[in-house]
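The values are calculated or read from the model by the stated rules, or taken from the named source; none is laboratory data. It should be emphasised that the depicted structure is a prediction, and the values quoted were computed from it without experimental measurement. Positions of Cβ are backbone-derived with ideal geometry, glycine not excepted, and every protein chain shown enters the neighbour counts. The area values use the complete protein model at the heavy-atom level, side chains included, leaving out ligands, DNA and RNA. Shrake-Rupley method; radii C 1.70, N 1.55, O 1.52, S 1.80 Å.
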Amino acid sequence: MKRANFTLKNLPMRSLAFAAFAVAAIAPVAAKATTVTIATLNNPDMIELKKLSPAFEKANPDIQLKWVILEENVLRQRATTDITTNSGQFDVMAIGTYEAPQWGKRGWLAPMTNLPASYDLDDVVKTARDGLSYNGQLYALPFYVESSMTFYRKDLFDAAGLKMPDQPTYDQIKQFADKLTDKSKEQYGICLRGKAGWGENMAFFSTVVNTFGGRWFDEKWQAQLDTPEWHKALTFYSDLLKKDGPPGASSNGFNENLTLMSSGKCAMWIDATVAAGMLYNKAQSQVADKIGFAAAPVEVTPKGSHWLWSWSLAIPKTSKSQDAAKKFATWATSKEYIELAAKDEGWASVPPGTRKSTYANPEYKKAAPFGDFVLSAIESANPNDATLKKVPYTGVQFVGIPEFQSFGTVVGQSIAGVVAGQTTVDAALTAGNAAANRAVKQAGYQK
């Protein structure tokens, strides 16, 4: 009897399918990459991080990054909703010095422990570490740290015979703005945040209130918005923007004012120190060789006149990819990443405020004439002593309690309404005072 010759050529189609299945079943299965979903904001430094992140994926082929880039106010809402509802949509979140200690205290964030020795945590500026810690435990890694400062056009000041002091007052800023505004040329004396939000207009305006001698609450948690200090601060701020600011100022946040300043439309801008690297970058700024800088203005007191903030990377406890997420957060805030950003954008534009080694680097010193000034502003901002009169809260440009997100934004909306001419100073502060009192009373702060 002739022996049958079983080759694939002889098999019917159904048998061929079975054979293919059998081969697939015993073939080694390729490992599936771990996805790390990152929620961050749409500012230039974060866009640069996304641009450079393929270098991380190339070095870590088992990790795939997924980016969710949002406008600042929307990011804050989405991140807060995700963390408080345990929905676990994000593995890495960009949060700040407001959220990190509070969320860490509540057990919502994975602590940043067991970092590799090469990360050199001692190199990270102490102010940055302290602002992101609770009870000595670090809960986020700082991507960049900022205070606030005054930027101005040296050429416009020279042409008008004006001199910016190293430490201007708000009265001087107003005098300069009045002289340098020429709306027929689309030249505005001042650009300031006007967009409503606890981290938008209220970040800047709270520093104005501080230096005018005001505070959010007294020591018994009674709201202090309907006071002479707040009235003076808001009248000054709204009148200045209406007279010397750009049209639609109540819609302008950091990004919008950065665009106005870097395109030559603003004579002065008071905002985050992180903008210095962008304004001095010739590829991003039309006035890179004309920018001067000074301290954030003061009025009645220097206390709380410049803010402290850190955009940092944190890992929610709900993340199912915590190890991969930590690996990314460590890379994105490392010395290695700063070198990578310097190669791509130039040393002036690397993420500032985080590492002592950056400020000691001769190349950074040469490219960033503002470097030492910025570090000093960061290190001198004191969240524990930011007001002339005593207060029961911490924070320079925010009140360090969970309820602030809500009432801070409500107050911000009223203040944007004053700038837009939709409401009065008196009405805005009466409503704001009631909203702040209601929030802290419901939360049990008021006894």
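Values computed for the structure shown
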| item | result |
| --- | --- |
| J(HN,Hα) series, region 71-88, from Karplus relation 6.51 cos²θ - 1.76 cosθ + 1.60, nearest Hz, glycine and proline x | 4, 3, 4, 5, 4, 4, 5, 5, 5, 5, 4, 5, 6, 7, 9, 6, 7, x |
| Accessible-area composition of region 97-145, carbon plus sulfur, in percent [1.4 Å probe] | 46 |
| Exposure ranking of Glu72, Glu363 by accessible area [1.4 Å probe, largest first] | Glu363, Glu72 |
| Accessible-area composition of region 199-313, carbon plus sulfur, in percent [1.4 Å probe] | 51 |
| Total charge dipole magnitude, region 139-286, about the Cα centre, Cβ charges on Lys, Arg, Asp, Glu only, Debye to nearest 20 | 340 |
| Asp62/Lys365 FRET efficiency (R0 22 Å; Cβ-Cβ; nearest 0.05) | 0.05 |
| Full-stretch length increase - Ala117, Lys50 - with 0.36 nm per residue and alpha-carbon distance subtracted | 21.6 nm |
| Lys/Arg +1, Asp/Glu -1 at C-beta; region 157-233 dipole; positive extreme among Phe205, Met164, Ile190 | Ile190 |
| Point-to-point label distance, Gln77-Lys185, nm (Cα→Cβ direction, 7 Å offset) | 4.0 |
| Within region 227-386: Cβ-based charge dipole about Cα centre, in debye rounded to nearest 20 (Lys, Arg +1; Asp, Glu -1) | 340 |
| Charge dipole (debye, nearest 20) of region 219-314; +1 at Cβ of Lys and Arg, -1 at Cβ of Asp and Glu | 200 |
| Point-to-point label distance, Gln175-Lys163, nm (Cα→Cβ direction, 7 Å offset) | 1.2 |
| Degrees separating the helix 404-419 axis from the principal Cα axis of the chain, which is the longest one | 50 |
| Average accessible surface area per residue within the chain, 1.4 Å rolling probe, Å² | 44 |
| Gained length - Lys126 relative to Asp372, 0.36 nm times residue gap less alpha-carbon distance | 87.0 nm |
| Label point distance in nm, Gln286-Ala427, each placed 7 Å from Cα along Cα→Cβ | 3.7 |
